[in-house]
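Down below is the structure, laid out as structure tokens.
The values are calculated or read from the model by the stated rules, or taken from the named source; none is laboratory data. Fair warning: this is a prediction, and the values are worked out from it, not measured in the lab. Positions of Cβ are generated from backbone atoms using ideal geometry, with glycine treated the same way; all protein chains shown enter the neighbour counts. The protein model used for the area step is the full one, side chains on, heavy atoms only, and it has no ligands, DNA or RNA in it. Shrake-Rupley method; radii C 1.70, N 1.55, O 1.52, S 1.80 Å.
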Amino acid sequence: MQRITISIDDKLAETFDEMIQARAYSSRSEALRDIVRNTIEHWRRDDKAVDFCVASLSYVYDKRIRSLADKLSTLQHEHHDLVASSTTVRLDHYHSMETIMMKGRAEDVRHFADTVQAQRGLQFAKLNMVAVEPSDEHDDPDSHEHDEHRHMSPILA
């Protein structure tokens, strides 16, 4: 573990401490580690430095938009290689929030998410990606075989 010293102005430090307390962090260090991890993950995603990922795409949609629910379902079936699962929460008589869990090539996940987000009637769409590295390795080589799958291990800073 390395020690890093930073200087910030008093107002920023005060606001940072408010956030630390509101989010129940045990220390400034733990909060800062989370911020750095999150920033690195955004940098990887935005700079397309990620080859593989696990991701969630969440959005709200209006069922009154003609055939939108069917179109969203069809898109998921057409990309069954990416879509691991989806969950829908009914918000009111007309609106639902759906979250799609995916894994695969980051470029394919981004393209699928862009296609879904472009559908008329979608609101508040948000893609969250985590970089992973496909691997057959783990600490206990005798635990099981990898005939049909690969692990998708997170890339830790």
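The trypsin sites (Lys or Arg not before Pro) of region 1-74 that meet both conditions, a loop assignment by DSSP and at most 11 other Cβ atoms within 10 Å of the site Cβ, are ARG3, ARG23, LYS48, ARG64, ARG66. With a ≥ b ≥ c the root eigenvalues of the C-alpha gyration tensor of region 25-116, is it rounded (a/c under 1.5), prolate (a/b larger than b/c) or oblate? Since a/c reaches 1.5 but b/c is at least a/b, the shape of region 25-116 is classed as oblate.
Over region 1-101, with every protein chain in place, what whole percent of the accessible area is carbon and sulfur at 1.4 Å, could you tell me? Carbon-and-sulfur percentage of accessible area, whole number: 51. Rounded to the nearest whole Hz, the Karplus-based 3J(HN,Hα) values (6.51 cos²θ - 1.76 cosθ + 1.60, θ = phi - 60°) of region 123-134 follow the sequence 9, 6, 6, 8, 9, 10, 10, 10, 5, 9, 10, x, with x at glycine and proline.
Modelled spin labels at GLN123 and ASP17, positioned 7 Å past Cα toward Cβ, are 4.0 nm from each other.
Between LYS63 and ASN38, take the C-beta separation as r, use R0 = 41 Å, and let me know the FRET efficiency to the nearest 0.05. The calculated FRET efficiency here is 0.75. Accessible surface computed residue by residue for region 6-113, with neighbouring protein chains in place and a 1.4 Å probe, gives 68 Å² per residue. Within region 94-115, name every residue whose backbone N is under 15 Å away from a label modeled 7 Å from Cα of ASP51 along the Cβ vector. Under cut-off, by backbone N: 104-108. Scalar couplings 3J(HN,Hα) for region 26-43, obtained by applying the Karplus form with A = 6.51, B = -1.76, C = 1.60 to θ = phi - 60°, are 7, 7, 4, 4, 5, 5, 5, 4, 4, 5, 5, 4, 5, 5, 4, 5, 5, 4 Hz; x denotes Gly and Pro.
Each residue, THR115 and ARG90, gets one label point 7 Å from its Cα in the Cβ direction; the gap between the two is 2.9 nm. For region 55-108, GluC sites (Glu not before Pro) are listed when DSSP marks them as loop and at most 15 other Cβ atoms sit within 10 Å of their Cβ; the list is empty. Ligands, DNA and RNA excluded, the heavy atoms of ASP70 present near 110 Å² of accessible surface to a 1.4 Å solvent probe.
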